[in-house]
Protein chains: 4
Amino acid sequence: MKRELLMIPGPVMCTPSVLGEISRPVVSHVSSEFIEVFGDSLRKLKQVFMTESGEVFVVAGSGTLAMEMALVNVCEPGDNVLILSNGLFGERFREICMRHKLNADYQQAEKPGSCVSISKVEEKIEGKEYKAVTVTHVDTSTSVKAPVKELGGIIRKTNAVFIVDGVCATAGEEERMDNWGIDVLLTASQKAIGVPPGLALLAFSEKAVEIYGERKNPVDSYFLDTQNWRNVMDSYMNGKPSYFATPPVNLIFALNTSLTEILREGLEERFKRHALIAQAFREAVKSMGLNIVPFKEEYAANTVTAIYYPEGVEDKVFRSEMRREGVIVAGGLGPLKGRTFRVGHMGNVNPSDIIATISAVERALLKTGCQVTLGQGLEAAQRVLKEL
Amino acid sequence: MKRELLMIPGPVMCTPSVLGEISRPVVSHVSSEFIEVFGDSLRKLKQVFMTESGEVFVVAGSGTLAMEMALVNVCEPGDNVLILSNGLFGERFREICMRHKLNADYQQAEKPGSCVSISKVEEKIEGKEYKAVTVTHVDTSTSVKAPVKELGGIIRKTNAVFIVDGVCATAGEEERMDNWGIDVLLTASQKAIGVPPGLALLAFSEKAVEIYGERKNPVDSYFLDTQNWRNVMDSYMNGKPSYFATPPVNLIFALNTSLTEILREGLEERFKRHALIAQAFREAVKSMGLNIVPFKEEYAANTVTAIYYPEGVEDKVFRSEMRREGVIVAGGLGPLKGRTFRVGHMGNVNPSDIIATISAVERALLKTGCQVTLGQGLEAAQRVLKEL
Amino acid sequence: MKRELLMIPGPVMCTPSVLGEISRPVVSHVSSEFIEVFGDSLRKLKQVFMTESGEVFVVAGSGTLAMEMALVNVCEPGDNVLILSNGLFGERFREICMRHKLNADYQQAEKPGSCVSISKVEEKIEGKEYKAVTVTHVDTSTSVKAPVKELGGIIRKTNAVFIVDGVCATAGEEERMDNWGIDVLLTASQKAIGVPPGLALLAFSEKAVEIYGERKNPVDSYFLDTQNWRNVMDSYMNGKPSYFATPPVNLIFALNTSLTEILREGLEERFKRHALIAQAFREAVKSMGLNIVPFKEEYAANTVTAIYYPEGVEDKVFRSEMRREGVIVAGGLGPLKGRTFRVGHMGNVNPSDIIATISAVERALLKTGCQVTLGQGLEAAQRVLKEL
Amino acid sequence: MKRELLMIPGPVMCTPSVLGEISRPVVSHVSSEFIEVFGDSLRKLKQVFMTESGEVFVVAGSGTLAMEMALVNVCEPGDNVLILSNGLFGERFREICMRHKLNADYQQAEKPGSCVSISKVEEKIEGKEYKAVTVTHVDTSTSVKAPVKELGGIIRKTNAVFIVDGVCATAGEEERMDNWGIDVLLTASQKAIGVPPGLALLAFSEKAVEIYGERKNPVDSYFLDTQNWRNVMDSYMNGKPSYFATPPVNLIFALNTSLTEILREGLEERFKRHALIAQAFREAVKSMGLNIVPFKEEYAANTVTAIYYPEGVEDKVFRSEMRREGVIVAGGLGPLKGRTFRVGHMGNVNPSDIIATISAVERALLKTGCQVTLGQGLEAAQRVLKEL
């Protein structure tokens, strides 16, 4: 095992304390020790989701599971769902809709790098009654960030439930569940939450819970029905064990540690750190003459950046050169595959990480035959980082 | 963190190597290192499931998720399903059937401790065409073990898919997927597999895969559809990454280590060890005058034992006394709650563990006011263990 | 790595928390985090040594280093030293004396299992002026425990410095530095202190420090001179770093955790636990017809027991059978080699450990051809352990 | 525990595998598993020391202990020792000489940053018969590197034993024991060896062993006498256990892992990596207008660099600013205290580490009021690192 930097948009590097916790001897899921830790995790998760009245769920699974749980607990067959997509992950919502016989209205951004406009959304929701509107806060394929706050302002005026896929955003991007009118917020452990993969994390607002209560049919999956999990989460938050499925105890110990570290830093500080490091990175790559995928600075995510390769750079060659330099970055996805690389900068990312990444990008581009003025990207980043 | 013995029917104690692996620095799910380890895990899982032609799946989730995946990939709405239940977990299959509009025929054992008879099963499958027959190999609530081999012999003659819930059995009880005609075998990581909780593990036989191929409707869940996972598993087994949902990399490193240890011991040796340790435990509790839940020795599981309390012993008092003695055991479930306690003896369990448990049971019973001849249970266990 | 029981007289099994601490990322020895932890360790070590006025030292090294540090800081060439030995480790003090030109009076117990009598000691110290008297609290080769309290009562009336080698005793056997008049107490991390090997631990009383102050010659070693270490220990206890040699930071993090656990249990409770578990073990082996090395119960240590093999049992065969049973025990030392085996029961040892050990001894003896009534030793142990 | 960079001249950051090994459950020092690992470690240590005929020793302790062991095993009271010092650590050899009544000829470099000249050494050894000549390969206080190869060439022509203190050099700087005529090479685990502190590591050449054999008096310390350790090392190398003092098993598992990683990289590669990273760092600080302590490039060490502060920068303020930036550097030592800071770049150091350090230095200097052109140091470093 070499010391290397994992700069992909998830899974992300964890702190030593988080890794330490995950290797504790296994304890019983009904032990007093675990009860306390699970209860704490749920309470802290509410703080990180910035919700007071929301109900939170921690389930063994992945972000995709969380997406499906969000939709099936809110919608019933025949319901209309508006899907806003600035990349690839809206497509996933659409697939889920198909399986559950929901009528998906799929609104895709014009092209990679653009963002569905507010006016387009207004037009849509005026034209039809939606049971739910979904949006991917940050689409990891394009690194485009949706205007969740503005969308919330519009959707809360309708009957629709606002579902935000925060997989590549929560705990990195500013995201205020209660204030912004988010009804279902979902994410996974391995992104800005800073825990190894294996946990689906969700919160449902009072409005979302109410709508669940008015269902005519049961949720058409057993494992995905929040009703089965609600008692479990309530019990643990009240200091009592309860059983539906064996909770992933070691991952939950790790989750609790990471949430503690997140809250110790403070969410506002954390948003600021992500913003500044992301800006430093964008300034750096721009100063090197590279183009990023998002068209506008306001669309550019603070958790991940997708960058177009300069003419003539081979994706595989570049990334294997980066690996040789000790920095792991991700390739492009979907239509951007081969034409872009992606750098994750979320969770515990710090100035050292981003500077080392920029430095490796400079050298790797040089080695793959690009004209690069060594130090240029670094200088641009330094000018931003000095504000930290 | 004290050194204590976790003797519950899951999650179980892990070896130091498994715990060491789970705390490795997170790596990319597309790194060559992970690709190799994931591919290895899948190949080894086939060996542990004792299948050559089966397709295996490793998914972030729990045993319940695996149960639902089994049913929804085999059945379509309107299909008949026969559920054989010797405890509580058949009920769970029934709930899943309801959600997916499958017609469940629920065959429960007469009372806790008995086992649905082969003749009853024959009667059932002669009377109706079933798409699937499910059985819980070991029901953790009663510690009753179903005659999976015999059931397989009968069901393979029909068109029904034989689904075995091996959650409390696989890698502890003798269980030969190919030989015994099991079509879907499912389990979870935290039982006899010896890994912390968080992974659902499944295998589908050729027959099960064929039936999937003949479906008229798509699987009514996205995350649960094996079709989405098949390419991922195939790719990793062929040394290439593929993406559907971020695999729980750290848990999979741990899984690989545990599977390696399982195969190094050898499955036949492992079955023998489980059988002998379980027998030692049963002999011990019987010699102490206690009754176990299974009516017949042949029903008694080798992975867990449910024991009736003697008159006058309070469940909570006894178990907290056990904890004070450094041994964690589980309480009863369902109708047996308060009247029984359960001891898990699976995975890495060894003679030291079971002897220490019996010793603690003797002392704890004494302290809760029972008449106990100290050493009697231990002596009985020793006579069995000397054969190891 | 198998789960097995390490029942040797050091190194001993550590708690998961201690092992967790030792694998923390390395920190600077002048970081505020380490300063606090080192300071805490020193303060806690004083409590565990039961001294208020003593000066404590934590040095990378072993017990033998601690023995040599004890002697060379107290004595100067030509000084008389009385060495009381109930086994092999007094010999080690004698070797050290030779190197430093100290006149060693070597008082050996009559034979393995006996203990130098108080009257013999009185006779000795009346006849000659000693600069120091050394005693091995528990000699790990014979498992004989010296009457340190009584010896302290006698020696404190003389000018001699009372040096106690607590390597196999401290934090397991009752041992009260200030109350019993111990002037130099030394031990190593890997015994009842419960930390992996690598640390020499010492305390010097005011009397010992005074005598250092009156030296005519400098200590004839640089690394071993307490003067070089005193400022370091003082500084860290006062919240400031100081440098003589790089402190073994990871081991000291582990030490701090173990000392915290020791004090959380409470020393009196800990002495009681060791005494009861040792008694259970002795009763067990005696009831099996085996003989232990110490002649009298009052000599028998609570941290280790040396047992004679019954006729016909081969040391290697027996111990490899024990290993196969998952319990590691030690062979004999010196004249007892081949004729005895030794079981360590110190540190975090609990009833489960000792019961499992006795059970393995019963089975291993049976397999090596002895007449053993299975369960007999266990029954005897149970009768003692029920008092815990 | 934050993710931060520990860039001090020891202890250094360890790889995850090394940290993983150190937290293994403790095993017996006579277990077959440990025997194999200890034997392997010793064989690998010979390779890292680049000696075939030398005898190696691994002892719980620190570098200072190793220095004392080197001298006392070679010299006897009255012997002449020539000490070459380019900083502070020669002084330590002098103190050791005093304790053991050796006549120390102390040859100090003219001023901090200069290096004792070859001609001065030639003059010295022509004028007097020395039993030993000691040199600090890299003096961590000045970051001056001695010309060990040249010195070896001269000293091997005399009867003197050439003792090289490689504490801040071995496994980072080019250092060829057999080829260069080094007779005693010593280091500690926590420097370029890449293991947490706690181990003293030494090798003695045939010449040194011969001289030991001709001693008139025994070594005047018991713990430090190589004779006591020789059998232990020989035994373990021959697959058999042997006891003198309990070996620090967990540290030795870690050592074995690190030595494996060192040899997998290859020593020549490793020297090259250290040289290039060190050069990058020196170019960076020089381009920022800072002065390093070594007068000439050829004196400048590849493992550590001492840099003078620019006018007006407060040591404490600067280093606490660096810590805030997530990079830990060391202060100055001795006469350079307050006027210099030191950066360690050895062991597992990689381009990411050094770039992040330079970046933090730029920003920290700016914040402490210096005139800094952000990016200038980074650019200079990049031009060097591109050769890697």
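The values are calculated or read from the model by the stated rules, or taken from the named source; none is laboratory data. Quick caveat: nothing in here was measured; it's all calculated off a predicted structure. A quick note on method: Cβ atoms are made from the backbone with ideal geometry, for glycine too, and the neighbour counts reach across all protein chains shown.
For the range D:340-381, the tally of residues that are in contact with a Leu (Cβ under 9 Å, 6 or more places away or on another chain) and either charged (D, E, K, R) or outside the structural domain of D:Met288 (by TED's automatic domain parsing) (or both) stands at 5. Looking at A:Ser28, A:Ser41, A:Ser62, just one residue is closer than 30 Å to B:Gly331 by Cα and within 14 Å of another protein chain (Cβ to nearest Cβ), and that residue is A:Ser28.
Mind listing just one residue for me: the one in the range A:12-25 that is of a type outside the set (D, E, K, R) and not in a loop (DSSP other than H, G, I, E, B) and, of those, nearest to A:Tyr236 (Cα to Cα)? Spell out the reasoning first.
First, pick out the residues of the range A:12-25 that are of a type outside the set (D, E, K, R): A:12-20, A:22-23, A:25.
With the extra rule that they be not in a loop (DSSP other than H, G, I, E, B), the set shrinks to A:16-20, A:22.
Numbers: A:Pro16: 26, A:Ser17: 23, A:Val18: 21, A:Leu19: 23, A:Gly20: 23, A:Ile22: 20 Å.
Filtering first and then ranking leaves A:Ile22.
If only residues of the range D:177-223 that are aromatic (Phe, Trp, Tyr) and either more than 22 Å from D:Gln47 (Cβ to Cβ) or within 14 Å of chain C (Cβ to nearest Cβ) (or both) are counted, the one that is surrounded by the fewest Cβ atoms within 10 Å (Cβ to Cβ) is D:Tyr212.
Any residue in the range D:217-236 that is closer than 17 Å to D:Lys145 by Cβ, in contact with a strand residue (DSSP E or B) (Cβ under 9 Å, 6 or more places away or on another chain) and touching a residue at least 40 places away in the same chain (Cβ under 8 Å)? Quick ask: steps written out before the conclusion?
Of the residues in the range D:217-236, the ones closer than 17 Å to D:Lys145 by Cβ are none.
There is no residue in the range D:217-236 that is closer than 17 Å to D:Lys145 by Cβ, in contact with a strand residue (DSSP E or B) (Cβ under 9 Å, 6 or more places away or on another chain) and touching a residue at least 40 places away in the same chain (Cβ under 8 Å).
Of all positions in the range B:91-110, none carries a residue that is within 22 Å of A:Val18 (Cα to Cα), among the basic types (Lys, Arg) and at the interface with another protein chain (Cβ under 7 Å from one of its Cβ atoms). Looking only at residues that are crowded, with 24+ Cβ neighbours inside 10 Å and not hydrophobic (A, V, I, L, M, F, W, C) in the range D:154-172, which one is nearest to D:Phe93 (Cα to Cα)? For the range D:154-172, the residue satisfying everything is D:Asp165.
Which count do you get for residues in the range A:214-248 that are part of a helix (DSSP H, G or I) and either closer than 19 Å to B:Met98 by Cα or not assigned by TED's automatic domain parsing to the domain that holds A:Pro77 (or both)?
At the first step, the residues of the range A:214-248 found to be part of a helix (DSSP H, G or I) are A:226-237.
Filter again for either closer than 19 Å to B:Met98 by Cα or not assigned by TED's automatic domain parsing to the domain that holds A:Pro77 (or both), leaving A:226-229.
So the count comes out to 4.
Could you tell me whether B:Gly20 is out of contact with any Cys (no Cβ under 8 Å at 6 or more places or on another chain), closer than 30 Å to C:Leu6 by Cα and within 10 Å of chain A (Cβ to nearest Cβ)? So that I can check it myself, show each step before the final result.
Details: out of contact with any Cys (no Cβ under 8 Å at 6 or more places or on another chain): yes; closer than 30 Å to C:Leu6 by Cα: yes; within 10 Å of chain A (Cβ to nearest Cβ): yes.
Here the answer is yes, as B:Gly20 does meet what is asked.
Taking (1) in the same structural domain as C:Ala380 (by TED's automatic domain parsing); (2) touching a Gly at 6+ places or on another chain (Cβ under 6 Å); (3) not small (Gly, Ala, Ser) in turn, C:Leu251 satisfies each apart from (1). Looking across the range A:26-60, the residues that are farther than 28 Å from A:Lys149 by Cβ and not in a helix (DSSP H, G or I) come down to A:Val26, A:Val27, A:Ser28, A:His29, A:Val30, A:Ser31, A:Ala60. Only one of the numbered conditions (1) touching a helix residue (DSSP H, G or I) at 6+ places or on another chain (Cβ under 6 Å); (2) surrounded by 21 or more Cβ atoms within 10 Å (Cβ to Cβ) is not met by B:Ala66, and that is (1). Note on the range B:78-113: residues that are buried (at least 23 other Cβ atoms within 10 Å of the Cβ) and aromatic (Phe, Trp, Tyr) total 2. Checked against (1) part of a loop (DSSP other than H, G, I, E, B); (2) surrounded by fewer than 24 Cβ atoms within 10 Å (Cβ to Cβ); (3) more than 7 Å from chain A (Cβ to nearest Cβ), B:Pro9 meets all criteria but (2).
The criterion of at least 1 residues that are at negative phi and touching a His at 6+ places or on another chain (Cβ under 6 Å) is met by the following strands (runs of 3 or more DSSP E) wholly inside the range D:91-188: D:161-165. Taken together, the criteria exclude C:Leu251 from residues that are crowded, with 24+ Cβ neighbours inside 10 Å and either among the basic types (Lys, Arg) or part of a strand (DSSP E or B) (or both). The set of residues from the range C:157-167 being touching a strand residue (DSSP E or B) at 6+ places or on another chain (Cβ under 7 Å) and of a type outside the set (A, V, I, L, M, F, W, C) comprises C:Asp165, C:Gly166. All conditions but one from (1) of a type in the set (A, V, I, L, M); (2) under 30 Å from C:Asn217 (Cβ atoms); (3) without any contact (Cβ under 8 Å) to a residue 60 or more places away in the chain apply to D:Ala66; the one that does not is (3). Picking from residues in the range B:44-55 that are in contact with a helix residue (DSSP H, G or I) (Cβ under 7 Å, 6 or more places away or on another chain) and surrounded by fewer than 21 Cβ atoms within 10 Å (Cβ to Cβ), the one that is farthest from the other protein chains (Cβ to nearest Cβ) is B:Glu52. Could you check the range C:91-113 and list, in sequence order, the residues that are closer than 17 Å to C:Ile125 by Cα and either in contact with a Leu (Cβ under 9 Å, 6 or more places away or on another chain) or among the aliphatic types (A, V, I, L, M) (or both)? Correct list: C:Leu102, C:Ala104, C:Asp105, C:Tyr106, C:Gln107, C:Gln108, C:Ala109.
From the list D:Val161, D:Val138, the one residue that fits, being within 27 Å of D:Gly344 (Cβ to Cβ) and hydrophobic (A, V, I, L, M, F, W, C), is D:Val138. Checking the stated criteria, A:Leu82 turns out not to satisfy the condition of being within 14 Å of chain B (Cβ to nearest Cβ) and of a type in the set (A, V, I, L, M, F, W, C).
Would you say A:Asn256 is of a type in the set (S, T, N, Q), in contact (Cβ under 8 Å) with a residue 24 or more places away in the chain and touching a Ser or Thr at 6+ places or on another chain (Cβ under 6 Å)? So A:Asn256 fits the description; yes.
Would you say B:Arg3 is charged (D, E, K, R), in a loop (DSSP other than H, G, I, E, B) and under 25 Å from A:Gly194 (Cβ atoms)? It is false that B:Arg3 is charged (D, E, K, R), in a loop (DSSP other than H, G, I, E, B) and under 25 Å from A:Gly194 (Cβ atoms).
Restricting attention to the range D:324-383, which residues are polar (S, T, N, Q) and within 19 Å of the chain's Cα centre (by Cα)? Those that are polar (S, T, N, Q) and within 19 Å of the chain's Cα centre (by Cα): D:Asn348, D:Asn350. I need a count of the residues in the range A:326-337 that are touching a residue at least 24 places away in the same chain (Cβ under 8 Å) and over 30 Å from A:Glu269 (Cβ atoms). So the answer is 5.
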